[in-house]
Amino acid sequence: MPTIPPCTRPQPRTTARPQNHPPDVDGPVEPTPPEPLHYAEQALLGALLLQPDEMSAATGLRPEHFASPVHAAVYQAMLGLEPPASEAHRREPVWLAAVLSAAVPRAPALTAPYLH
């Protein structure tokens, strides 16, 4: 009976890059927060962007609590602006534009579609 050679599996690289590391970039890349956390941050910010009068319910929450630097920049911008009146906010996205303008210096890649 012929002998079957043992199965050899490829060994992991000893200098493995994180999964989110672009293959053509050398050096450190900012780690991506775990997906559930990322989506939770998006959901919270989305809710506050839709109903800015609820900002007072987020007492104790600070920008440094966000894992994503972009989310931290958005929240910092929201804290620095006076929430609009509910009726005005429903008619015009003026506050959203103000949040975007205030957040872009800390998150230059932030665009309006991300907030919408």
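Against the conditions (1) modelled with pLDDT of 90 or more; (2) hydroxyl-bearing (Ser, Thr, Tyr); (3) assigned to a loop (DSSP other than H, G, I, E, B), where does residue 32 fall short? Just the number, please.
Condition not satisfied by residue 32: (1).
Quick one: would you say residue 61 is assigned to a loop (DSSP other than H, G, I, E, B), aliphatic (A, V, I, L, M), at pLDDT 90 or above and out of contact with any Asp or Glu (no Cβ under 6 Å at 6 or more places or on another chain)?
The answer is yes for residue 61.
Could you check how many residues of segment 64-76 are within 15 Å of residue 42 (Cβ to Cβ) and in a helix (DSSP H, G or I)?
So the answer is 8.
So in segment 35-69, with the set limited to residues that are small (Gly, Ala, Ser) and touching a residue at least 24 places away in the same chain (Cβ under 8 Å), which one is nearest to residue 103 (Cα to Cα)?
If we take residues in segment 35-69 being small (Gly, Ala, Ser) and touching a residue at least 24 places away in the same chain (Cβ under 8 Å), then 68 is nearest to residue 103 (Cα to Cα).
So which residues in segment 104-116 are in a helix (DSSP H, G or I) and either surrounded by 12 or more Cβ atoms within 10 Å (Cβ to Cβ) or in contact with a Leu (Cβ under 9 Å, 6 or more places away or on another chain) (or both)?
Within segment 104-116, 112, 114, 115 qualify.
Restricting attention to segment 43-58, report how many residues are more than 15 Å from the chain's Cα centre (by Cα) and part of a helix (DSSP H, G or I).
The total comes to 8.
Checking the conditions here, which among 44, 49 is out of contact with any strand residue (DSSP E or B) (no Cβ under 6 Å at 6 or more places or on another chain) and surrounded by fewer than 17 Cβ atoms within 10 Å (Cβ to Cβ)?
44
Just to verify a result, which residue in segment 82-103, among those that are surrounded by 15 or more Cβ atoms within 10 Å (Cβ to Cβ) and part of a loop (DSSP other than H, G, I, E, B), is farthest from the chain's Cα centre (by Cα)?
84
The values are calculated or read from the model by the stated rules, or taken from the named source; none is laboratory data. Owing to the predicted nature of the structure, the values given are computational and were not obtained by experimental measurement. Every residue, glycine among them, receives a Cβ derived from its backbone with ideal geometry; neighbour counts consider all protein chains shown.
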